[in-house]
Each structure stands twice: as structure tokens, then as C-alpha cells.
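Note sheet for the following structure.
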């Protein structure tokens, strides 16, 4: 008897080429609050939960992070990101990978740490309608990555045990979340993290981008 597999995808840096737009948007928001943080340090935080992002900002800058300031940062980031939305494109092979899974009858879902106000930009670029596909955003869970809530909610949306899921992501936060919920983690290099970082965080395989994953889909439970 064949054991069914489901694929749970991160969004930014995994299916759409949007990581650096997020970095620039956060830089704009932080500059507006006179918070000095190097661009490379912002990149290392893309994909983590807002709470963890805030805690790391406090540690690295020593700036006070009152709830009102946090909310201003979130809104400023969302506005700046939406202004960059026309630059966002699907990563190579992303649409083809989702089409293959759909045609093969393999369940898939998207689980993103972004709220719908920014995720909608990416989903539109990808051609995914959240009303017709399984999409879970930060708005729907208590904690985001590296907590496993997003992936657990996505598996539940597919009515699939999390132990049968393959989590595909581009960041260490995705791989840590996958490990915590007992799913298999597959890393992609398309978000800027290195292969060794992804493997050390729990990835069982690492590929360049969605196109490379599609070429090797049989290695992680997909069947052509």
C-alpha cells in the first residue's frame, strides 16, 4: 500500500523571488523609526515570526520595542512591500511544480509567516487563489516559524498527518519548524541561505530552486 505524501510550502524565497523585497521593505520601516540595522542582518530574520524578529531587534539594537512601535513597524513594512509588489516573480519552476503535484493528485498547501496583506502580493504573482487552494498565513495561527503552528495548520487543512508531510522552505526557520512538528524538511537555496545551514537545521535534501526540486521530486516522495 502506497503511503500518501503531502507537500507544505513556504512562500517567500521558496515559491516566489521576494526575499530581498522584504529586506528592503523592512529597511524602509526601520529607518522611519530611526532604528539602525544592517541589511544583511535583516535578511537573516526573514521568515521568522514577528515576535522573534522583535526580540532579536531588541537584543541587537537595544531599542525599546513598545507595542505601538511594533505595530507601526509592521504597517510600514507592509506598505513598503506592497509598493515593491510589481517586482515579485515566481521562482523558476514554481508554477510547474505546483501544477505537477496537482496533476499527480498529490496534496499541497502553502504556509507563510507573512500576513495576508503581504502574502496576497506573492500569491497573485504565483497565480494561486487562496479561495481555491490551501493557504495558511500568520493571521491564522498563534505562533509563526520557528514554531510549527503554520505547518500543523496546513497539514490539518489537507486532512493529512503531519508525519506524512514534506516541508519545503528556503530558511533555517522553515527547517527548524519542520523538525519540531516531525515532518521531513527539504531546503531550497533560492532564499539566500547556504546548503550547510539548511542541513544543520534539519533539511534531509537541499535543491537550488523549485525547478531543481521538480527534477528530483521522486527523491522526496513525489512520483512522476
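The values are calculated or read from the model by the stated rules, or taken from the named source; none is laboratory data. These numbers come from a predicted model, not from an experiment. Every residue, glycine as well, gets a Cβ built from its backbone with ideal geometry; the counts of neighbours run over all protein chains shown.
Please determine whether any residue of segment 99-113 is within 24 Å of residue 177 (Cα to Cα), assigned by TED's automatic domain parsing to the domain that holds residue 211, within 15 Å of the chain's Cα centre (by Cα) and surrounded by fewer than 18 Cβ atoms within 10 Å (Cβ to Cβ).
Within segment 99-113, the first condition is being within 24 Å of residue 177 (Cα to Cα), and the residues that meet it are 101, 106-113.
Checking which are assigned by TED's automatic domain parsing to the domain that holds residue 211 leaves us with 101, 106-113.
Keeping just the survivors that are within 15 Å of the chain's Cα centre (by Cα) gives 108-113.
Restricting the remaining residues to those that are surrounded by fewer than 18 Cβ atoms within 10 Å (Cβ to Cβ) gives none.
No - not one qualifying residue is present in segment 99-113.
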Would you tally the residues in segment 27-70 being surrounded by 15 or more Cβ atoms within 10 Å (Cβ to Cβ) and on the phi > 0 side of the Ramachandran plot? 1
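Where residues in segment 93-114 are out of contact with any strand residue (DSSP E or B) (no Cβ under 9 Å at 6 or more places or on another chain) and touching a residue at least 40 places away in the same chain (Cβ under 8 Å), which of them is farthest from residue 30 (Cα to Cα)? Working first, answer last.
Of the residues in segment 93-114, the ones out of contact with any strand residue (DSSP E or B) (no Cβ under 9 Å at 6 or more places or on another chain) are 93, 95-96, 99-100, 103-105.
Still in the running and touching a residue at least 40 places away in the same chain (Cβ under 8 Å): 93, 96, 100, 104.
Details: 93: 33, 96: 36, 100: 40, 104: 44 Å.
Ranking the candidates gives 104 first.
From the list 22, 77, which residue is in a helix (DSSP H, G or I) and in contact with a strand residue (DSSP E or B) (Cβ under 9 Å, 6 or more places away or on another chain)?
Values: 77 fails: in contact with a strand residue (DSSP E or B) (Cβ under 9 Å, 6 or more places away or on another chain).
Step by step, each of 22, 77 is checked, and only 22 is in a helix (DSSP H, G or I) and in contact with a strand residue (DSSP E or B) (Cβ under 9 Å, 6 or more places away or on another chain).
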Could you tell me which of the residues 121, 141, 136 is within 18 Å of residue 50 (Cβ to Cβ) and surrounded by fewer than 22 Cβ atoms within 10 Å (Cβ to Cβ)? 141
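Return a yes/no flag: does segment 1-19 have any residue that is within 17 Å of the chain's Cα centre (by Cα) and free of Cβ contacts under 8 Å to residues at least 40 places away in the same chain. First the steps, then the outcome.
So in segment 1-19, the residues within 17 Å of the chain's Cα centre (by Cα) come out as 6-19.
Now restrict to residues that are free of Cβ contacts under 8 Å to residues at least 40 places away in the same chain: none.
No, there is no match, as no residue in segment 1-19 is within 17 Å of the chain's Cα centre (by Cα) and free of Cβ contacts under 8 Å to residues at least 40 places away in the same chain.
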